[in-house]
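Beneath this line is the structure, given in C-alpha cells, with notes to follow.
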Amino acid sequence: MTQYLDFEKPLAEIEGKAEELRALARSNEEMDITDEARALDKKAAGMLEDLYGSLTPWRKCQVARHPERPHCKDYIEALFTEFTPLAGDRNFADDLAVMGGLARFNDTPVVVIGHEKGNDTKSRIERNFGMARPEGYRKAVRLMELADKFNLPVVTIVDTPGAYPGKGAEERGQSEAIARSTEKCLQIGVPLISVIVGEGGSGGAVAFATANRVAMLEHSVYSVITPEGCASILWKDSEKMREAAEQMRLTANELKTLGVIDRIIPEPMGGAHRHAEESIKAVGNSIEAMLKELDGKDGKTLVKERRTKFLEMGRKGLAA
C-alpha cells in the first residue's frame, strides 16, 4: 500500500473511496459500482498529474525522501549481474551505509558503489539511514583504487541525507575521509559516472558524485545542506525549510541549468516510488548511455575532463 505524503492527502482520500467501493462490490456481487469507481480513478489520475506537474522544491525534497523509492540495493539487484560485494576499509570496520563491489553491467565488468538507506526499521538502523561514517568513504576509496588498477569503469549511486555527524565519526576523521574520497574521484583514470536517485546531501554525496557524468532522477535533490539545516542557520528556524528549498536551487532542472549535473532522468507520473521497475529501467538506460559517451577515452583524458568540469563549475547559469 502506497504511503502518501502530506501534500497527497486529497489524493489519498479519493483513492481510498475508490478502494472502499471495490471492497463493497467484492463483498456483494449484486452491487455494481464500476462506473463510480472509474469516475473516482479518473479524478485521482487528474489530481496526480496536477500535483506532480508542478512540484515545489520542498515537495520534491519530500518525494526524494519517500521511503518506498528504489534504493541502491534495488538498482544493483535489477541492473547488475554477478555482483560480488566487498566489505571493510582495511582499517577500522565495514560501514553498511555504503555498499559496493565488483559486478557486470550489460556484461561489462564494473565497480559499483552506493549509499543504501534500507527498506524497513531493522535495515534502516543497520544501514544508518544511508549516512556513511568515515570507514564507508574509505571503503569507497579502496574500491575506486581497485577499479583504477584493473581498468574498470565506476558507477556510483547516490542517496544520502549527508555524512553521519556523530561524535565517533568526527573522532575517526569524517571530513578527511570525505575529502580523500572526493580526491580519489578526481584521480582515477577510468570512466566515473554517478546517478543521484534520491537525496544528494552535502559532502557525503559529493564524495561519490565528483564524476565525469552526473545524472539525477527528475524528483531527486542535490544540495550542500538540507533545507531544514539551511533554515536553522540562516533564519534560526528549521520550520522555514520551504523558503530555504526555494532559494537553494536543489532540483534537477535548476542544477542542469547551473551545469552541476549533465542529465535528468524523467520519472513516471507519481514518482519512482509508485513505478519502481520503470524508474530502475530508465536509470539503467542512462547509465548505458553515459558509459558509451566515455567509451574509448584514455585515462589522462578522463582525468583532465573531470577536473576541468569541476574547476569551471559555477560559471554557467548564474544569471538564470
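The values are calculated or read from the model by the stated rules, or taken from the named source; none is laboratory data. On a predicted model such as this, the values are computed, not experimentally measured, just so you know. Positions of Cβ are generated from backbone atoms using ideal geometry, with glycine treated the same way; all protein chains shown enter the neighbour counts. Note: accessible area is taken over every heavy atom of the protein model, side chains too, but ligands, DNA and RNA are not part of it. Shrake-Rupley method; radii C 1.70, N 1.55, O 1.52, S 1.80 Å.
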**OP:** Quickly estimate the mean residue ellipticity at 222 nm for the chain, helices only: each DSSP H run with n ≥ 4 gives -39500 (n - 2.57), and the total goes over all residues, rounded to 500.
**Re:** -15000 deg cm²/dmol
Subject >> Long-range HN-HN contacts of ILE225 with modeled amide H, under 5 Å >> reply: SER202
Original post:
How much space per residue, in cubic angstrom, does the convex hull of the C-alpha atoms of the chain take up?
Top reply: 153 Å³
**OP:** Hey, could you grab the Kirkwood Rh for the range 1-74? Inverse mean 1/r over distinct alpha carbon pairs, Å, one decimal.
**Re:** 14.1 Å
Original post:
Percent relative contact order of the range 1-70, based on C-alpha pairs within less than 8 angstrom and at least six residues apart?
Top reply: 41 percent
Subject >> Over the range 16-118: Rg over Rh, Cα atoms, Kirkwood Rh >> reply: 1.23
**OP:** Could you calculate the contour length gain from ASN285 to SER27, that is, 0.36 nm times the residue separation minus the distance between their Cα atoms, to one decimal place in nm?
**Re:** 88.5 nm
**OP:** Compute the accessible area per residue over the chain, keeping the other protein chains in place, probe 1.4 Å, unit Å².
**Re:** 49 Å²
Original post:
How much length, in nm to one decimal, is gained on full extension between THR84 and VAL224, taken as 0.36 nm per residue of separation minus their Cα-Cα distance?
Top reply: 47.2 nm
Original post:
Taking a 1.4 Å probe, which of ILE188, ILE125 shows the most accessible area, and what order do the others take after it?
Top reply: ILE125, ILE188
Original post:
lysines within cross-link reach of LYS240: Cα-Cα under 16 Å, excluding same-chain residues under 8 positions apart?
Top reply: LYS60
**OP:** Work through the residues other than GLU145 whose Cβ is under 14 Å from its Cβ and net out their charges, Lys, Arg +1 and Asp, Glu -1.
**Re:** +4
Original post:
Cα centroids of the range 75-116 and the range 174-247: how far apart, whole angstrom?
Top reply: 20 Å
Original post:
Which value, in debye to the nearest 20, gives the size of the charge dipole of the range 175-291 about its Cα centre, when Lys and Arg are +1 and Asp and Glu are -1 at the Cβ?
Top reply: 240 debye
Original post:
Quick one: putting +1 on the C-beta of Lys and Arg, -1 on the C-beta of Asp and Glu, what dipole do you get for the range 59-123 around its Cα centre, in Debye to the nearest 20?
Top reply: 400 debye
Subject >> the chain - percent relative contact order, Cα under 8 Å, separation 6 or more >> reply: 16 percent
**OP:** Please provide three numbers in whole Å: the alpha-carbon extents of the range 165-320 along the principal axes, with the largest listed first.
**Re:** 51, 43, 36
Original post:
Based on Cβ point charges of +1 for Lys and Arg and -1 for Asp and Glu, what charge dipole magnitude is obtained for the chain about its Cα centre, in debye rounded to the nearest 20?
Top reply: 1520 debye
Subject >> Percent accessible area from carbon and sulfur atoms, the chain, protein chains only, probe 1.4 Å >> reply: 51 percent
**OP:** With θ set to phi - 60°, apply the Karplus curve 6.51 cos²θ - 1.76 cosθ + 1.60 along the range 101-107 and write out the HN-Hα couplings as whole Hz, x wherever there is a Gly or Pro.
**Re:** x, 8, 7, 10, 10, 6, 6
Original post:
Based on the Cβ-Cβ distance from GLU293 to THR56, what FRET efficiency comes out when R0 is 41 Å, to the nearest 0.05?
Top reply: 0.80
Original post:
Do you know the relative contact order of the range 1-158, to the nearest whole percent, from alpha carbon pairs under 8 angstrom that are 6+ apart?
Top reply: 18 percent
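So which of LYS9/LYS122; LYS117/LYS167; LYS149/LYS300 end up more than 24 Å apart, counting from Cα to Cα?
On the way: LYS9/LYS122 28 Å; LYS117/LYS167 20 Å; LYS149/LYS300 14 Å.
From the list (LYS9/LYS122; LYS117/LYS167; LYS149/LYS300), the Cα-Cα distance tops 24 Å for LYS9/LYS122.
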Original post:
Relative to the present Cα-Cα distance, how much length would full extension add between PHE7 and ALA93 at 0.36 nm per residue of separation?
Top reply: 26.9 nm
**OP:** Starting at the first residue of the range 56-64, write each ³J(HN,Hα) from the Karplus equation 6.51 cos²θ - 1.76 cosθ + 1.60 with θ = phi - 60°, in whole Hz, x for Gly and Pro.
**Re:** 6, x, 5, 5, 5, 4, 5, 5, 4
